[in-house]
Amino acid sequence: MTVVVSAKGADRWHGGHPWIYRTDVYAEPKREPGIVHVTDRRGRFLGQALYSPQSEIRLRFLTPGDESIDAGWWRDRIAAALARRAGIPATAYRVVHAEGDGLPSLVIDRYGPYAVAQLLSAGLERARADVLAGILAALSPEGVLLRNDTAIRRHEGLPLEVVVAHGTVPETAVEVVEHGVRYLAALHTGQKTGAFLDQRDNRVLVAAHTRPGGRALDLFTYHGSFALHLARHAAQVIAVDSSADALARGREHAKLNGLDNITWREANAFDLLRELERREEIFDTVVLDPPAFAKTKLSVPKALGGYKEINLRAMRLLAPGGVLFTCSCSYHVHRPVFQEMLAAAAHDAGRRLEFLALTGASSDHPEILNIPETGYLKGALLRAVD
Ligand code: SAH
């Protein structure tokens with residue numbers, strides 16, 4: 001099938017962005033999802049794309065050529081993405097970061113011998129058999145799990161499901177070693193594909209700035225991923241989450257690493273921050289890794305209120321010279337807005353803070369400059385000047 005797009009649609013591809021929206025599609029003769037040829041209104045061939053007839057994002061660019069997109073094509077693309085990850089000192093990492101790796105709507109994470117994939121568009125769903133064959137050929141996994149249970153699939157008219165598509169993938173958690181820290185990831189049920197792989201580089205960065213023998217606080221710890229890294233340097237770490245299940249796994253992880261200096265606290269981070277402030281507690285290192293407060297553009301103003309509150313309270317807890325690592329994974333909260341919020345929080349907290357680093361997601365989640373959607377995670381490492 002051939003889909004015809006407007007000049008504006010074609011322009012988006014020329015500018016390096018893979019998406020063409022419904023409003024820039026001029027003719028779509030058969031409303032069948034899959035891989036389609038795309039031309040402009042003069043019939044000039046523009047390339048091949050994934051086509052989603054029900055989605056606002058109608059076309060996702062795959063290739064400028066007219067080659068056959070078969071299992072071998074997916075294998076080569078996945079293998080090239082894998083080669084770009086060579087040397088990552090962890091057994092779990094993202095092999096394919098969708099648009100960030102030129103494979104729109106496809107996510108593949110590797111957890112040791114297992115692959116966990118997400119097919120996030122209707123066009124890609126049609127290519128499932130070839131994509132799967134490509135994963136097997138490029139990664140030779142013992143098992144492939146499809147974590148197709150993310151809400152994005154609803155925009156594509158696709159069902160939510162978690163299925164083992166090849167081999168076996170244990171229901172019990174799989175061990176991950178990340179820069180020498182061991183933890184378990186529940187591939188079938190854990191958040192995202194089992195763990196927050198996007199924070200790996202940031203954990204190492206914060207650990208390097210953790211005062212040896214000091215006190216550290218890890219808020220929104222989930223199963224303790226930052227806390228474990230901090231506990232290798234700090235004398236005492238308090239790890240906080242509202243989920244008792246996540247904390248139970250955190251405790252297991254501490255044991256697995258032979259660490260006995262982490263206190264696990266089930267609490268609402270907003271309440272606990274107020275309590276710690278009242279008690280005038282002081283920390284040398286604080287990590288703030290909240291869930292996305294802004295899920296839509298409309299919710300940004302309210303979300304900023306929440307971000308500012310936790311940040312200004314965390315800033316007040318810092319010892320002189322103490323370090324705060326703070327982040328936002330809300331795509332709609334863009335970098336400049338995030339920075340403005342931090343400045344306002346520092347103002348209200350009455351603290352002078354120095355920027356040590358501005359970060360994004362780990363290097364296996366490539367952020368492409370002209371595809372802003374590939375970058376959602378922003379982090380700032382700040383040091384209290386006095
Ligand atoms: N830091 C983690 C990821 C955190 S994800 C890592 O690097 O792996 C966000 C976490 O915040 C989830 O575990 C969720 O249970 C927790 N959470 C959400 N709202 C919360 C709240 N108000 N107080 C405390 N924890 C909360």
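The values are calculated or read from the model by the stated rules, or taken from the named source; none is laboratory data. All of these numbers come straight from a predicted model, not from anything done at the bench. Methodologically, a virtual Cβ is constructed for each residue, glycine included, from the backbone with ideal geometry; neighbour enumeration extends over all protein chains shown.
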Legend entry - Subset of the stretch 252-271 [within 14 Å of the ligand (Cβ to nearest atom), farther than 19 Å from Arg200 by Cβ and not aliphatic (A, V, I, L, M)]: Trp264, Arg265, Glu266, Asn268, Phe270, Asp271
Inset, instruction - Look through the stretch 150-175, keep the residues that are in contact with a helix residue (DSSP H, G or I) (Cβ under 9 Å, 6 or more places away or on another chain) and closer than 29 Å to His229 by Cβ, and return whichever of them is modelled with the highest pLDDT. - result: Glu175
Legend entry - Condition check for Pro320: within 12 Å of the ligand (Cβ to nearest atom), surrounded by fewer than 19 Cβ atoms within 10 Å (Cβ to Cβ) and in contact (Cβ under 8 Å) with a residue 60 or more places away in the chain: no
Inset, instruction - Restrict the check to the stretch 162-172 and report whether at least one residue is part of a loop (DSSP other than H, G, I, E, B), surrounded by 15 or more Cβ atoms within 10 Å (Cβ to Cβ), touching a residue at least 60 places away in the same chain (Cβ under 8 Å) and touching a Pro at 6+ places or on another chain (Cβ under 9 Å). - result: no
Inset, instruction - Check the stretch 206-217 and report whether any residue there is near the ligand (Cβ under 8 Å from one of its atoms), surrounded by 22 or more Cβ atoms within 10 Å (Cβ to Cβ) and either under 17 Å from Thr91 (Cα atoms) or not β-branched (Val, Ile, Thr) (or both). - result: no
Inset, instruction - Go through the stretch 231-243 and give me each residue that's in contact (Cβ under 8 Å) with a residue 24 or more places away in the chain and near the ligand (Cβ under 7 Å from one of its atoms). - result: Val240, Asp241, Ser242
Inset, instruction - Go over the candidates Leu184, Leu228 one by one and state the one that is within 26 Å of Glu161 (Cβ to Cβ), within 13 Å of the ligand (Cβ to nearest atom) and buried (at least 16 other Cβ atoms within 10 Å of the Cβ). - result: Leu184
Legend entry - Options Arg249, Arg313; residue that is touching a residue at least 24 places away in the same chain (Cβ under 8 Å) and either of a type in the set (Phe, Trp, Tyr) or within 12 Å of the ligand (Cβ to nearest atom) (or both): Arg249
Inset, instruction - Check off (1) assigned to a strand (DSSP E or B); (2) over 26 Å from the mean Cα position of the chain (by Cα); (3) under 30 Å from Leu197 (Cα atoms) for His37 and give me the number that stays unchecked. - result: (3)
Inset, instruction - Could you tell me whether any residue of the stretch 272-286 is within 21 Å of Lys192 (Cβ to Cβ), modelled with pLDDT of 95 or more, assigned by TED's automatic domain parsing to the domain that holds Thr326 and within 15 Å of the ligand (Cβ to nearest atom)? - result: no
Inset, instruction - Inspect the stretch 327-341 for any residue being β-branched (Val, Ile, Thr) and over 12 Å from Leu382 (Cβ atoms) and give the result as yes or no. - result: yes
Inset, instruction - Take the stretch 118-143 and flag every residue that is in contact (Cβ under 8 Å) with a residue 12 or more places away in the chain and either within 13 Å of Arg60 (Cβ to Cβ) or among the hydroxyl-bearing types (Ser, Thr, Tyr) (or both). - result: Leu119, Leu120, Ser121, Ala122, Gly123, Leu124, Glu125, Arg126, Ala127
Inset, instruction - For the stretch 306-315, state whether one or more residues are aromatic (Phe, Trp, Tyr) and either closer than 30 Å to Ala81 by Cα or buried (at least 18 other Cβ atoms within 10 Å of the Cβ) (or both). - result: yes
Inset, instruction - Please identify the pairs in which a residue from the stretch 207-222 that is under 17 Å from Pro291 (Cα atoms) and in the same structural domain as Leu317 (by TED's automatic domain parsing) has its Cβ atom under 9 Å from the Cβ atom of a residue that is hydroxyl-bearing (Ser, Thr, Tyr) and surrounded by fewer than 22 Cβ atoms within 10 Å (Cβ to Cβ), counting only partners at least 6 apart or on another chain. - result: Phe220/Ser242; Tyr222/Ser243
Inset, instruction - Just give me the residues in the stretch 6-16 being more than 14 Å from Pro64 (Cβ to Cβ) and touching a Phe, Trp or Tyr at 6+ places or on another chain (Cβ under 8 Å), in sequence order. - result: Ser6, Gly9
Inset, instruction - Those residues that are in contact with a strand residue (DSSP E or B) (Cβ under 9 Å, 6 or more places away or on another chain) and within 20 Å of Ala357 (Cβ to Cβ), I need them from the stretch 208-222; list them, please. - result: His209, Thr210, Arg211, Gly214, Ala216, Leu217, Asp218, Leu219, Phe220
